[in-house]
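The block underneath contains the structure these notes are about, expressed in structure tokens.
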Amino acid sequence: MAATSKTTSASSKSTSRTRSSAKKAEPAIAEFDKEQELHAYREMLLIRRFEEKAGQLYGMGLIGGFCHLYIGQEAVVVGLQMAKQDGDQMITGYRDHGHMLAMDLDPKGVMAELTGRRGGLSKGKGGSMHMFSKEKHFFGGHGIVGAQVSLGTGLGFANKYRENGNVAMAFFGDGASNQGQVYESFNMAELWKLPVVYVIENNKYGMGTSVARASATTDLSQRGDSFGIPGEQVDGMDVRAVNAAAAKALEWCRSGKGPYILEMITYRYRGHSMSDPAKYRSKDEVQKMRTEHDPIEQVRKRLIDKKWATEEDLKGIDKDVRARVAEAAEFAQTDPEPDASELYTDILI
């Protein structure tokens with residue numbers, strides 16, 4: 001018996017080591033050409049400048065309610081956007097401005113929604129957390145933590161039912177990863193082999209609590225293990241790593257193999273929302289991430305090093321992006337507010 005136990009134990013350890021080494025395999029990095037690097041740079045810069053302006057307008061009292069900024073996490077949604085096909089859907093939580101911009105929604109419509117104007121994507125009635133575009137296959141920001149995961153699973157079900165070849169991407173954070181409906185969705189998606197990529201945007205803090213204090217297991221990519229759903233951790237600060245992982249996951253789903261989990265290790269530079277002073281982490285921690293891992297600066301450096309762009313070229317892009325954001329901010333402050341009659345439209349009783 002002793003010999004058998006030792007053998008079993010050794011076998012167990014060997015299996016454990018094999019799994020451990022598999023998880024630590026070198027992640028794939030997409031090889032971007034000049035146009036892809038410039039596209040990624042412009043798209044991420046648009047999100048960054050838009051969110052900076054949104055923060056400014058919030059501070060001026062022109063944006064009310066909640067406002068969750070995406071600054072620092074731009075590579076996640078841009079990398080996925082570059083890998084998706086036309087018709088693939090996105091759905092996310094309340095930190096949603098970046099997702100809408102990446103899905104090619106008009107910055108004027110997004111900003112006008114933040115200020116509650118008629119030209120907003122939800123006619124000025126949804127605010128920061130509730131914007132949609134069926135035309136662009138963006139199925140909203142959602143204010144209830146984790147609620148979008150089950151809705152995204154429903155999108156995947158619709159895709160399979162219609163046999164349209166599309167994949168739904170459901171984004172949620174490390175905090176939402178502990179919600180019960182997430183696991184109910186995992187079970188259904190794997191049981192029915194639904195084409196859904198679950199994107200966990202792990203920015204290290206669920207509101208003001210470190211993931212290490214809130215989660216018994218911090219490798220969130222393995223949360224689908226008990227359902228047989230594959231997953232992997234990705235450097236969410238490198239748009240190329242995101243793109244490579246996204247292409248793999250989307251192909252897995254599109255080929256009928258069921259759902260896939262991508263845990264994007266990323267970081268938000270601002271607080272959970274504009275009302276959060278973020279005193280639960282040091283300024284040095286934030287500065288270190290900005291200095292060493294900023295997603296936009298990584299692309300900028302590659303463009304300069306490869307001589308694909310000059311400093312003047314990149315200044316020109318920044319100038320164009322700032323002008324576009326300024327135009328959106330101007331529209332958001334001058335567009336009329338919704339008519340009082342709009343209070344009674346789009347309401348189900």
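Would you work out the relative contact order for the range 219-349, in percent, from Cα pairs under 8 angstrom that are 6 or more residues apart? Don't skip to the answer; put the middle values down first.
Details: 82 pairs, mean separation 22.9, N = 131.
Rounded, it is 18 percent for the range 219-349.
So how tilted is helix 147-162 from the main axis of the chain? Cα-based, degrees 0 to 90, rounded to 10.
It works out to around 80 degrees.
Give the cross-link partners of residue 307 among the lysines, using a straight C-alpha distance below 25 Å as the criterion and excluding same-chain residues fewer than 8 apart.
Partners within reach: 34, 315, 319.
Quote the relative contact order of the range 147-296 in percent (integer), defining contacts as alpha-carbon pairs under 8 Å separated by 6+ residues. Please list the in-between numbers first.
Details: 255 pairs, mean separation 36.9, N = 150.
In percent, rounded to a whole number, it is 25.
What is the dipole size for the chain, taken about its Cα centre, with +1 at each Lys and Arg Cβ and -1 at each Asp and Glu Cβ, in debye to the nearest 20?
Working: 46 positive and 47 negative charges, 219 e Å.
Approximately 1060 debye in magnitude.
Over all directions, average the projected area of the Cα convex hull of the range 31-329 and note it in nm². The partial results should precede the final answer.
Values: hull surface 58.8 nm².
Taking a quarter of the hull surface, the average projection is 14.7 nm².
Can you give the relative contact order of the chain as a percent, counting alpha carbon pairs under 8 Å and 6+ residues apart? Don't skip to the end; give the middle numbers.
On the way: 631 pairs, mean separation 78.6, N = 349.
The value is 23 percent.
How would you rank 134-143, 88-97, 307-316, 338-347, highest first, on the average number of other Cβ atoms within 10 Å across their residues? Please list the in-between numbers first.
Working: 134-143: 18.4, 88-97: 25.3, 307-316: 12.6, 338-347: 10.1.
So the order, starting with the most tightly packed, is 88-97, 134-143, 307-316, 338-347.
Highest first, please rank the peptides 260-268, 102-110, 247-255, 27-35 by the mean number of other Cβ atoms sitting within 10 Å of their residues.
Working: 260-268: 24.6, 102-110: 19.8, 247-255: 18.1, 27-35: 13.2.
Ranking the peptides 260-268, 102-110, 247-255, 27-35 by packing returns 260-268, 102-110, 247-255, 27-35.
Show me the ranking of peptides 229-237, 288-296 by mean Cβ neighbours inside 10 Å, starting with the highest. If you can, show how the numbers build up before the last one.
Details: 229-237: 22.4, 288-296: 16.3.
For the peptides 229-237, 288-296, the packing ranking is 229-237, 288-296.
Any read-out appearing in this document is the output of simple, stated calculations on the displayed coordinates, not a laboratory observation. None of the values given here were measured: they were computed from a predicted structure. Every residue, glycine as well, gets a Cβ built from its backbone with ideal geometry; the counts of neighbours run over all protein chains shown.
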